[in-house]
1. Excluding B:Tyr35 itself, calculate the net charge of residues whose Cβ lies under 11 Å from the Cβ of B:Tyr35, where each Lys or Arg counts +1 and each Asp or Glu counts -1.
2. Which is farthest toward the positive dipole end of chain A among A:Ser71, A:Val44, A:Thr20, measuring Cα position about the Cα centre, with Cβ charges +1 (Lys, Arg) and -1 (Asp, Glu)?
3. Among A:Ser51, A:Ser24, A:Ser12, which one shows the highest mean-square fluctuation when chain A is modelled as a Gaussian network with alpha-carbon springs under 10 Å?
4. Work out the charge dipole of chain B with +1 on the Cβ of Lys and Arg and -1 on the Cβ of Asp and Glu about the Cα centre, then indicate which of B:Ser87, B:Tyr50, B:Gly108 is farthest towards its positive end.
5. Determine the sum of side-chain charges near B:Arg9: Lys and Arg each +1, Asp and Glu each -1, restricted to other residues whose C-beta is under 11 angstrom from that of B:Arg9.
6. With both bridge residues required to lie in chain A, what share of the DSSP beta bridges run antiparallel, to the nearest 5%?
7. List the relative contact order of chain B as a percent without decimals, with contacts defined as Cα pairs under 8 Å and 6+ residues apart.
8. Which FRET efficiency value, to the nearest 0.05, do you get for B:Thr86 and A:Asn52 by plugging their Cβ-Cβ distance into 1/(1 + (r/R0)^6) with R0 = 35 Å?
Amino acid sequence: SQQGEEDPQALSIQEGENATMNCSYKTSINNLQWYRQNSGRGLVHLILIRSNEREKHSGRLRVTLDTSKKSSSLLITASRAADTASYFCATAPLYNQGGKLIFGQGTELSVKP
Amino acid sequence: DVKVTQSSRYLVKRTGEKVFLECVQDMDHENMFWYRQDPGLGLRLIYFSYDVKMKEKGDIPEGYSVSREKKERFSLILESASTNQTSMYLCASRPLFILNTEAFFGQGTRLTVV
């Protein structure tokens, strides 16, 4: 079964607005990662947050992690039309379990110019 | 630059055919993965491997098998393709012994079974 569940499934905003996506997961983790996918392409890694971190920034991206609630959020500030893509969270289970990464269903973000 | 290369971007096969999807990575990563992506279902793990000749089932292994004869190559095999295997297939790799590291993805193979 899927570990991560993203919310919302789809999000439509205007350029310049902030976009927030949420991810919930079920089991203990080593880290949580966010990826971006442009239409019909492979996934590109955005940011990784370790289980002992609460917040991380990278450019216009801000990720939070709440291990007590088993949830994470990705905030994209001052969004641009070029941010239009699908965004996925992925979890690396505790004890590595052969190194697997478990993905959620993703959030489809549309940024209108 | 890390490269994960999938052999085809688009593939059309007939029902009942044996289908091979190939994936090659050039970063000496131990871990390799095959995911299937369908609308509304996200990425679902089919199989993964953490060493040559080693394989582990993911969440949806039925109807698929894999082969890892060399460290850089991970093949997904559809023994007898069916229409419900029409999907986007994504290969990825990452190091096994570095816990906090990302996965690198290929460009995807869109398979249509007719």
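1. Combined, the nearby Lys, Arg, Asp and Glu give +1.
2. A:Val44
3. Of the options given, A:Ser12 has the highest mean-square fluctuation.
4. Toward the positive end, the furthest listed residue is B:Ser87.
5. Values: positive: A:Arg41, B:Arg110; negative: none.
Summing Lys and Arg as +1 and Asp and Glu as -1 gives +2.
6. Here the antiparallel bridges make up roughly 90 percent for chain A.
7. 36 percent
8. That gives a FRET efficiency of 0.25.
Bear in mind that the values in this text are calculations on the coordinates, not laboratory data. It should be emphasised that the depicted structure is a prediction, and the values quoted were computed from it without experimental measurement. No Cβ is skipped: glycine too gets one built from the backbone with ideal geometry, and neighbour counts run over all protein chains shown.
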